[in-house]
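The values are calculated or read from the model by the stated rules, or taken from the named source; none is laboratory data. All values derive from a computational prediction rather than experimental measurement. Every residue, glycine among them, receives a Cβ derived from its backbone with ideal geometry; neighbour counts consider all protein chains shown. For accessibility, only protein heavy atoms count, side chains too; no ligands or nucleic acids. Shrake-Rupley method; radii C 1.70, N 1.55, O 1.52, S 1.80 Å.
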Amino acid sequence: MPTAGSSILQRYRVIRKIATGGMAEVFLAEQTGAGGFKKRVALKRILPAFAEDPKFVAMFLDEARLAAMFHHPNLVQIYELGEIDGLLCLVMEYVRGLSLAELLKRAVDPVPVEVAARVALDACEGLHYAHEFQDPDTSQPLCLVHRDVSPQNILVSKEGIVKVMDFGIAKAVGQAHHTNTGTLKGKLSYMPPEQLEGKALDRRADVWAMGVVLYQMLTGRKPFGSGSEASIMRAILAGKPQPLGELRSGLPAAVRSAVERALQGDLEKRTPSARALAEELESFLSTGPRATAAEVAAWMRPLLPLPGEALAE
């Protein structure tokens with residue numbers, strides 16, 4: 001647990017650890033102020049093992065610089081950058097809920113079609129905002145690609161609000177940290193073929209990853225298997241996911257089409273943007289079952305932890 005001697009912790013009281021990830025650990029904390037003011041936040045602190053690695057530090061700083069500029073209801077907000085015990089720390093919006101990865105692990109059945117469509121649609125809206133974001137000083141497009149869209153990086157609040165997080169390995173024009181050609185970043189199962197081949201990426205890489213996430217919500221499985229890394233790579237490069245209809249009968253044609261277009265290996269045939277994928281899902285929802293944040297919240301309610309467990313309170 002962080003000690004109280006650092007500058008950040010003069011203003012935040014750490015309550016408990018939430019999680020430990022690949023390069024950082026996250027704590028629930030509370031900011032206090034005059035007149036009984038209280039605000040809960042998440043503190044994301046780089047792990048000591050990576051604090052001396054310039055690449056990881058640059059990655060962490062990239063996330064701070066990028067995400068701190070964002071203001072969108074479907075993106076986790078960054079409030080400030082500081083230090084805890086000499087280690088870099090981000091002060092972030094605290095989302096009272098669970099990651100989509102944890103929800104899928106807890107769920108016995110595949111996600112209801114309308115709920116899956118709503119979660120994917122809202123995540124796409126956040127991604128589209130990031131893809132379109134312009135440098136506030138120069139008005140130049142940043143041409144941002146998240147490159148790590150996955151259920152682990154999609155949070156769902158207890159109220160059914162969807163938020164994309166973790167822009168730590170995002171790629172933007174003018175970043176201080178650049179990935180060497182051919183170096184794989186992100187989670188293999190959610191990588192498009194062009195990323196595996198070390199080619200230049202654009203926003204359609206994130207569209208592919210959202211197609212994988214939507215497929216997984218609808219079927220309970222990943223489209224290109226879950227075996228060895230070599231077998232997953234071969235399946236992705238071959239471009240032949242198991243047809244959705246073979247895993248879940250009765251799926252609406254509009255939803256199947258949206259997933260299939262998002263998972264096209266040919267970039268010219270793939271859904272061109274996260275907004276375009278969102279519009280396909282919105283079109284389905286406008287004529288199908290009701291799916292708002294309230295319906296998402298109702299679906300996830302039985303999956304939430306007991307008091308004192310994990311993220312939710």
Within region 200-230, can you find the residues that are open to solvent by less than 40 Å² (accessible area, probe 1.4 Å), part of a helix (DSSP H, G or I) and not β-branched (Val, Ile, Thr)?
-> ALA205, ASP206, TRP208, ALA209, MET210, GLY211, LEU214, TYR215, GLN216, MET217, LEU218
Evaluate region 117-138: report whether one residue or more is open to solvent by 10 Å² or more (accessible area, probe 1.4 Å), under 15 Å from MET300 (Cα atoms), among the β-branched types (Val, Ile, Thr) and under 15 Å from the mean Cα position of the chain (by Cα).
-> no
Taking region 103-144 on its own, how many of its residues are more than 21 Å from GLU282 (Cβ to Cβ) and among the small types (Gly, Ala, Ser)?
-> 2
Subset of region 68-86, residues assigned to a strand (DSSP E or B) and surrounded by fewer than 18 Cβ atoms within 10 Å (Cβ to Cβ), comes to TYR79, GLU80, LEU81, GLU83
How many residues are open to solvent by 10 Å² or more (accessible area, probe 1.4 Å) and out of contact with any His (no Cβ under 9 Å at 6 or more places or on another chain) when one looks only at region 143-156?
-> 4
When only residues in region 77-116 that are within 30 Å of ALA253 (Cα to Cα) and among the charged types (D, E, K, R) count, which is nearest to the chain's Cα centre (by Cα)?
-> GLU102
Which condition number does GLU63 fail, the rest of (1) open to solvent by less than 10 Å² (accessible area, probe 1.4 Å); (2) farther than 27 Å from ALA274 by Cα being met?
-> (2)
Residue under evaluation SER249, criteria (1) more than 24 Å from HIS131 (Cα to Cα); (2) assigned to a helix (DSSP H, G or I), criterion not met = (2)
Within the set of pairs 6+ apart or on separate chains, which have a first residue in region 249-269 that is on the phi > 0 side of the Ramachandran plot, a second that is at pLDDT 95 or above, and C-beta atoms under 9 Å apart?
-> GLY250/VAL113
Among the numbered conditions (1) open to solvent by less than 40 Å² (accessible area, probe 1.4 Å); (2) farther than 30 Å from LYS17 by Cβ, tell me where ARG248 comes up short.
-> (1)
Given the structure, is LEU104 open to solvent by 30 Å² or more (accessible area, probe 1.4 Å), touching a Pro at 6+ places or on another chain (Cβ under 7 Å) and closer than 30 Å to LYS222 by Cα?
-> yes
Can you tell me which residue within region 233-277, out of those that are among the small types (Gly, Ala, Ser) and closer than 13 Å to ALA205 by Cα, is modelled with the lowest pLDDT?
-> GLY265
So is GLU30 open to solvent by less than 60 Å² (accessible area, probe 1.4 Å), over 30 Å from GLN134 (Cα atoms), under 20 Å from the mean Cα position of the chain (by Cα) and not hydrophobic (A, V, I, L, M, F, W, C) or not?
-> no
Could you list, in sequence order, all residues of region 175-198 that are assigned to a loop (DSSP other than H, G, I, E, B), open to solvent by less than 60 Å² (accessible area, probe 1.4 Å), farther than 15 Å from VAL145 by Cα and at pLDDT 50 or above?
-> none
